[in-house]
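Here the structure comes first, spelled out in structure tokens, and everything after it is commentary.
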Amino acid sequence: MKTITFSTVRIVIAILITGQMAFAQFSNLQLHKEMGSINVNEQTKIKRDGFKAKFEMLGFDSLGIYYWNTSTQYTTSDKNVSAQLQILRGIKLSKRSMFQALLGHQSATGTSSQYYVGIHHPLKFGRVKFLPFLAYVYNKDQQSADFRFTSGVSTLLAKKKIIVFGFVNAYTKDKIVPDAAPSKEIGFQANPQVWFRFNKQIAAGGEFGIDYLGSRYQKLITIPTAGFRWSF
């Protein structure tokens, strides 16, 4: 089993970026059971039978928006534990402007850390809220500039009994091909969540992970889960 550690510097940055927790619009803990399998290519098929625990917090305060997402995943086939941390922090450009400067950080076991600098503008159409941002992405291993477009989407349905929330991501990444000049490729990710609320704290539902990156997979990957969510 791998040992998961986060440096003291990252923990301090996380505390500073998330700001005033008292103004959180939602915070919750989730437990997911993965289902199905992934056909990575014609020769490789991976069964998804692990578990994932996730903590999410989304809020607004006097500075702007903030979002925190940590997840820990356990794979039953090889008894492996992995973890991921994502933090986003918006800072209003002025009291009247809806535009916010956005800073972010993302790290995961086995990969290099990424840092975001960009612009964010919240939108609302009817009952649906959008939280889009466009950012420059930096990590120490990249060969040239990368960019990322992300939008959070949330709404309540059926008299607030059904919660829909998730993110859609489109990003550029170095494409490494042996004996070929460096180039870029475009990746896509989405993770819509749908929950049925039994009361204000407890909900059942799941997440539907969608992932595509040509150099990693040869087709669109889908990973459904079933789970429970506790809000506080």
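The values are calculated or read from the model by the stated rules, or taken from the named source; none is laboratory data. Note that the coordinates shown come from a computational prediction; the quantities given were computed from them, not determined experimentally. Here the Cβ is made from the backbone with ideal geometry for all residues, glycine too, and neighbour counts use every protein chain on show.
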Residues of segment 99-112 being modelled with pLDDT of 90 or more and more than 12 Å from the chain's Cα centre (by Cα), which ones? PHE99, GLN100, ALA101, LEU102, LEU103
Please specify each residue of segment 104-129 satisfying the condition of being of a type outside the set (Ser, Thr, Tyr), buried (at least 17 other Cβ atoms within 10 Å of the Cβ) and more than 30 Å from ILE162 (Cβ to Cβ). HIS105, GLN114, GLY118
In segment 109-163, the residues that are among the basic types (Lys, Arg) and closer than 23 Å to PHE99 by Cα: LYS124, ARG127, LYS129, ARG148
Go through ILE4, ILE46 for me and flag whichever is out of contact with any Lys or Arg (no Cβ under 9 Å at 6 or more places or on another chain), among the hydrophobic types (A, V, I, L, M, F, W, C), under 21 Å from GLY227 (Cα atoms) and at pLDDT below 90. ILE46
Looking only at strands (runs of 3 or more DSSP E) that fall completely inside segment 117-232, which ones have 2 or more residues that are among the β-branched types (Val, Ile, Thr) and within 16 Å of the chain's Cα centre (by Cα)? 146-157, 162-175, 221-231
Regarding HIS32, is this residue crowded, with 19+ Cβ neighbours inside 10 Å and either farther than 21 Å from GLU207 by Cα or at pLDDT 95 or above (or both)? yes
Just name the residue that is surrounded by the fewest Cβ atoms within 10 Å (Cβ to Cβ) out of those in segment 83-103 that are basic (Lys, Arg) and touching a residue at least 12 places away in the same chain (Cβ under 8 Å). LYS92
With the condition kept exactly as written, say whether any residue in segment 211-220 is aromatic (Phe, Trp, Tyr), free of Cβ contacts under 8 Å to residues at least 60 places away in the same chain and surrounded by 15 or more Cβ atoms within 10 Å (Cβ to Cβ). yes
Answer yes or no: is there a residue in segment 65-74 that is more than 24 Å from ALA203 (Cα to Cα), of a type in the set (S, T, N, Q) and either modelled with pLDDT of 90 or more or not in a strand (DSSP E or B) (or both). no
Residue match in segment 132-143 (condition: of a type in the set (S, T, N, Q) and closer than 21 Å to TRP195 by Cβ): no
Considering only residues that are assigned to a strand (DSSP E or B) and hydroxyl-bearing (Ser, Thr, Tyr), which ones fall in segment 107-116? SER107, TYR115, TYR116
